[in-house]
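J.: Shown below is the structure under consideration.
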Amino acid sequence: MILEFISIISASIFGFFTYSISLLVLGFLIKNTIAIWLIEKTKKWIYRIEDKKNFKKIKQKMPKLIEEIKDDIKEYPLKRKCILFSKRCSYCGNPNDSVLVYYYEDHNDLEDKFKLLENNSFVISITFNNITRYEFTEKFIELL
């Protein structure tokens, strides 16, 4: 009888501790998950602020080019690819994949300007076969 009583008591105490430890572990996991989520949200918010600051600086350095890109995106909202080209040359690209064109004659230091955009993750270089090509990022399109 006493042995049964002791075994019942020890089982209930052990069960209580197991249950308590499970709750502690669950609480720890939930707390860490929330903390990680908040950190990621804060990072995105900070990056967005930095992107806006960088975009403002870039816009001051190349207002004519940014306005031209902005106008092109308004006219062709789904276009993301562009080439840097000379007006003295002809381009025979894929007719099913048209691209926006920015001319060296219209913008001083055009490649340097696009390099600056690339360094700030506003464009991605997709150059191949001797024609300088870029693709606008969605982040850049939103900032326009």
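Values in this text are rule-based calculations from the coordinates and carry no lab data. Here the structure is a predicted model, which means the values were calculated and not measured. Here Cβ is always computed from backbone atoms with ideal geometry, including for glycine, and neighbour counts include all displayed protein chains.
J.: Do any of Lys64/Lys139; Lys57/Lys79; Lys31/Lys56; Lys56/Lys79; Lys56/Lys87; Lys41/Lys79 go past 27 Å between their Cα atoms, and which? Write down the numbers at each step before the final one.
T.: On the way: Lys64/Lys139 20 Å; Lys57/Lys79 24 Å; Lys31/Lys56 38 Å; Lys56/Lys79 23 Å; Lys56/Lys87 29 Å; Lys41/Lys79 29 Å.
Correct reply: Lys31/Lys56; Lys56/Lys87; Lys41/Lys79.
J.: Also: Can you quote the Å³ per residue value for the convex hull of the Cα atoms in the range 63-143, rounded to an integer?
T.: So the per-residue Cα hull volume is 100 Å³.
J.: Additional query: Between Thr33 and Asn96, what length comes free when the chain is fully extended (0.36 nm per residue of separation minus the Cα-Cα distance, one decimal in nm)?
T.: Values: separation 63, 0.36 × 63 = 22.68 nm, distance 4.61 nm.
Going from the current span to full extension adds 18.1 nm.
J.: Hey, another quick one. Give me the distance in nm between label points sitting 7 Å out from Cα along the Cα-to-Cβ direction at Glu68 and Asp106, one decimal.
T.: For Glu68 paired with Asp106, the spin-label model returns 0.4 nm.
J.: Please report the net charge: other residues with Cβ closer than 11 Å to the Cβ of Glu118, K and R +1, D and E -1. List each step's numbers first, then the result.
T.: Details: positive: Lys113, Lys115; negative: Glu111, Asp112, Glu135.
Net local charge, Glu118 excluded: -1.
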